[in-house]
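Take a look at the structure set out below.
The values are calculated or read from the model by the stated rules, or taken from the named source; none is laboratory data. Since we're looking at a predicted model, the values are computed, not measured. Using ideal geometry, Cβ is built from the backbone for each residue, glycine included, and neighbour counts are taken over all protein chains shown. Remember, those area values only see protein heavy atoms, side chains included, never the ligands or the DNA or RNA. Shrake-Rupley method; radii C 1.70, N 1.55, O 1.52, S 1.80 Å.
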Amino acid sequence: MCEKDLDALRETCERAVEWADLIELRLDCLRELPEKLPQLTRPVILTFRPSEQGGHRQLTREDRRRFWSSIAPPAETIWWDIEADLVHDFAPDWSRVIVSHHDFLGVPNDLEQIYERLTATPAAILKIAVQANDILDCIRIFNLLDRARHEGRELIAIAMGNAGIATRILGPSRGSFLTYGALDDQSATAPGQVNARKLRSLYHLDTIDNETMICGLVGLPVMHSVSPHIHNAAFVSEEVNGVYLPFEVRDAQQFFKRMVHPRTRELNWNLRGLSVTAPHKQAVMDCLDWIDPDAKEIGAVNTVVIENDRLLGYNTDAAGFIDPLLSRFATLRDARVAIIGAGGAARAAIWALQKQKAAMTLFARDTTKAQPLAELFGISCTSLTGASFAGYDLVINATPVGSGTQIDQSPATREQLTGSRCVYDLIYNPVETQLLHTANEAGCETLGGLDMLVAQAKVQFELWTGKTVSHGLTQIKTDLIRVLGVNP
């Protein structure tokens with residue numbers, strides 16, 4: 001809890017009780033230090049952090065020493081979290097003291113030596129929090145937890161930042177004394193901190209153990225994805241001991257070599273399956289031992305299964321893409337289809353539609369970049385600028401226009417869409433894109449990307465677990481719409 005006044009601190013603590021086992025009071029955030037701490041129904045960790053260690057005050061060593069001399073001593077329901085330079089200044093109940101080290105720049109080369117220096121202190125709990133600039137930085141954190149567990153030491157080890165999310169969620173199951181959660185998405189006190197409600201209700205932190213099947217989404221960026229909501233809900237629905245995490249990956253080949261492939265990885269974990277998204281769907285193919293023939297034809301892999309000591313690659317995008325269409329169209333044979341875009345999503349769409357014998361035209365702003373894809377599948381390619389989709393049975397947006405920084409944009413105008421039957425936007429967030437809004441105004445039928453996302457995820461789940469998602473899909477989709485901020 002990091003609040004500027006005591007009343008606000010007391011109110012947020014009362015809200016935190018629903019999700020927290022312990023509550024950390026970041027006293028360095030307060031404008032004025034209280035004479036008496038709020039009475040809580042949970043044990044508290046008292047922290048008075050200097051700015052160079054991530055705190056909110058400019059504090060000298062003497063400022064900190066004076067503070068700890070005046071505050072309530074460690075007891076059954078009170079923990080101290082102090083920096084290592086102060087351990088020789090006090091003689092508290094060391095069984096309730098955390099001694100900590102923070103590095104907000106990266107993972108220091110002497111990480112193991114820092115751990116050894118902390119173990120030399122009398123504190124019962126050691127804490128090391130470092131900035132992860134790459135997901136590979138998690139390896140050293142996990143290995144440090146393994147070392148501490150082997151040596152019988154209580155350690156909190158965290159890789160901060162989006163690249164380190166896995167250490168926050170998997171840490172307790174690997175021996176971390178605790179993990180930190182924010183009260184909500186706006187009140188995180190460190191980079192990459194997940195809110196406590198999500199830790200427990202989305203990632204089911206308390207049920208993760210050594211037998212838990214680990215799956216995740218590989219891409220950059222990934223934190224916006226709702227795939228964890230789909231797969232973690234499916235694990236619960238089908239009673240599978242599994243967890244699905246976002247993996248922010250910059251270098252796919254290094255990630256697969258050092259963290260994924262059973263023959264080369266430097267981490268002992270029960271990794272069983274991966275979703276792959278942009279920009280890695282093609283690069284990942286070089287990392288696999290076997291690729292499904294359909295995925296080879298499409299030229300992209302979005303699903304990896306770790307089976308024994310082999311990595312198997314599949315593409316579920318095509319099946320997920322076509323499934324919602326088959327419920328709208330009696331047949332797609334000879335249907336006139338316009339596809340906007342020339343990336344990985346367009347590639348899967350073209351392949352799936354060719355299997356249905358549809359007649360396609362590829363539209364792009366830059367036809368020189370799109371022409372190779374058109375030639376690969378033997379379809380025509382034309383400029384999007386000034387194009388008319390009148391007479392087309394289906395218009396598909398396979399570009400990111402309408403999401404992210406382009407959320408208020410549409411790849412086609414009302415005039416362009418007038419006269420077409422159905423518009424299919426593969427974007428799922430937002431649920432109603434500017435394109436779908438424009439298509440409605442033009443009198444077109446509309447189809448959003450959420451159905452495709454759920455359909456392809458269903459196939460992924462079945463590949464990883466060998467189980468069919470027999471129930472719960474309707475509820476999962478309803479929950480997703482709520483997550484995306486639309487009333488179902």
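Restricting attention to the chain, the count of lysine pairs at 8 or more positions apart or across chains with alpha carbons under 15 Å apart stands at 4.
Ordering 126-133, 341-348 by mean Cβ neighbour count within 10 Å, with the highest value first, yields 341-348, 126-133. Rounded to two decimals, what ratio of Rg to Rh does the range 179-256 give with C-alpha atoms and a Kirkwood Rh? Computed over Cα atoms, the ratio is 0.98. Among the trypsin sites (Lys or Arg not before Pro) within the range 274-343, those in coil by DSSP and having at most 14 neighbouring Cβ atoms inside 10 Å are Arg328, Arg333.
Averaged per residue, what accessible area in Å² does the chain show with a 1.4 Å probe, protein chains only?
Numbers: 21190 Å² over 488 residues.
It amounts to 43 Å² per residue over the chain.
Shown here: the range 15-55, whose C-alpha atoms stretch 31, 22, 14 Å along the first, second and third principal axes, sorted largest to smallest. All Cα-Cα distances of the chain, cut into 10 Å bins from zero to the largest, leave 4, 18, 25, 21, 16, 10, 5, 1, 0 percent in each bin in turn.
For the chain, Cys13, Cys138, Cys215, Cys287, Cys381, Cys422, Cys444 have no disulfide-compatible partner, since no other Cys C-beta lies under 4.7 Å from theirs. When shorter helices are ignored and each DSSP H run of at least 4 residues is given -39500 (n - 2.57), the per-residue value for the chain at 222 nm works out to -9000 deg cm²/dmol. Here the spin labels are modelled as points 7 Å beyond Cα on the Cα-Cβ line, and at Glu441 and Asp408 they lie 1.4 nm apart.
Do any trypsin sites (Lys or Arg not before Pro) in the range 157-258 lie in a DSSP loop with no more than 15 other beta carbon atoms within 10 Å, and if so, which? Here the sparse-neighbourhood loop sites are Arg250. The phi torsions of the range 240-252, fed into the Karplus equation with coefficients 6.51, -1.76 and 1.60 and a -60° offset, translate into couplings of 9, 7, x, 9, 10, 10, x, 10, 7, 10, 8, 10, 5 Hz, rounded to whole numbers, with Gly and Pro shown as x. Here the chain is treated with +1 on each Lys and Arg Cβ and -1 on each Asp and Glu Cβ, and its dipole about the Cα centre works out to around 660 debye.
So if I place +1 on the C-beta of Lys and Arg and -1 on the C-beta of Asp and Glu, and nothing else carries charge, what would the dipole magnitude of the range 290-420 be about its Cα centre? I want it in debye, nearest 20. Mind showing how you got there, number by number?
Details: 11 positive and 13 negative charges, 64 e Å.
In debye, rounded to 20, the range 290-420 gives about 300.
Toward the positive end of the charge dipole of the range 125-238, with +1 on the Cβ of Lys and Arg and -1 on the Cβ of Asp and Glu, the farthest Cα among Asn162, Gly216, Ala233 is that of Asn162.
When the trypsin sites (Lys or Arg not before Pro) in the range 382-488 are filtered for DSSP coil states and for at most 13 other beta-carbon atoms within 10 Å of their beta-carbon, the remaining sites are Lys467. Count Lys and Arg as plus one, Asp and Glu as minus one, and take only other residues whose Cβ is under 12 Å from that of Arg258; the net charge is then 0.
Roughly how many percent of the accessible protein surface of the chain is carbon and sulfur, given a 1.4 Å probe and a whole-percent answer? Walk me through the numbers on the way to the answer.
On the way: 9900 of 21190 Å².
In the chain, the share of accessible area belonging to carbon and sulfur is 47 percent.
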